[in-house]
Amino acid sequence: MKSSKFWIAVVAGGVVANVLDFIVQGKVFTDMYYSKMPEHFNMNANPAFYIFGDFVAVFVFAWVYDKVYASFGGGMKGGMTYGIYAGVLINFPTWIFAHLMMQGVSYGMSWMMTIYGVIWYTIVGSIVGQMYMKGDAAKA
């Protein structure tokens, strides 16, 4: 069973991730891309799935961070560093290949999603790293 600090980090990171996605995905990218290509995007999806999905993503992110914690350390700096690595690892190949494989995903959009994804993981990493410090959790 994970410590309470782990679960607090997941909840805090999930809340921040949802706020980021509401602003960037729900407002900025909708105006820039999604609303201009409704044939490629589901504009009527249930937002509960996106909310739940962010919490699942942060849970997986924090779970892997727990496994590689010794390489990055705790605190905001360690979490941010891990977030940058995870963000590049996940987003760069995903969005560049999405552009190559799917019609409607423009090259510019793939780069915007890549950059946003790295920023997302960096911010979430700083929250998770700050909230989840393994040494502190062991003392509790």
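The lysines within cross-link reach of Lys36, meaning a Cα-to-Cα straight distance under 18 Å and a gap of 8 or more places when in the same chain, are Lys27.
Evaluating kT/(6 pi eta Rh) at 37 °C and 0.692 mPa s, with the Kirkwood radius of region 4-139 over Cα pairs in the Stokes-Einstein relation, gives 211 µm² s⁻¹.
Modelled label positions at Thr94 and Phe41, each set 7 Å beyond Cα in the direction of Cβ, lie 1.6 nm from each other. Here the relative contact order of region 4-139, from alpha carbon pairs under 8 Å that lie six or more residues apart, stands at 39 percent. Toward the positive end of the charge dipole of the chain, with +1 on the Cβ of Lys and Arg and -1 on the Cβ of Asp and Glu, the farthest Cα among Ile51, Tyr65, Met32 is that of Tyr65. Its DSSP H runs of at least 4 residues, each contributing -39,500 (n - 2.57), put the calculated 222 nm mean residue ellipticity of the chain at -26000 deg cm²/dmol, to the nearest 500. Of the peptides 78-88, 123-133, 93-103, the ranking by mean beta-carbon count within 10 Å, highest at the top, reads 123-133, 78-88, 93-103.
Cross-link reach is defined here as a Cα-Cα straight distance under 27 Å, omitting same-chain residues fewer than 8 places apart; for Lys67 the lysines meeting it are Lys2, Lys5, Lys77, Lys134, Lys139.
Laboratory data are not the source of any read-out in this text; all were calculated from the coordinates shown. Treat the numbers as computed from the prediction; the structure is a model and nothing was measured. Please note: Cβ atoms are built from the backbone with ideal geometry, for glycine as well, and neighbour counts cover all protein chains shown.
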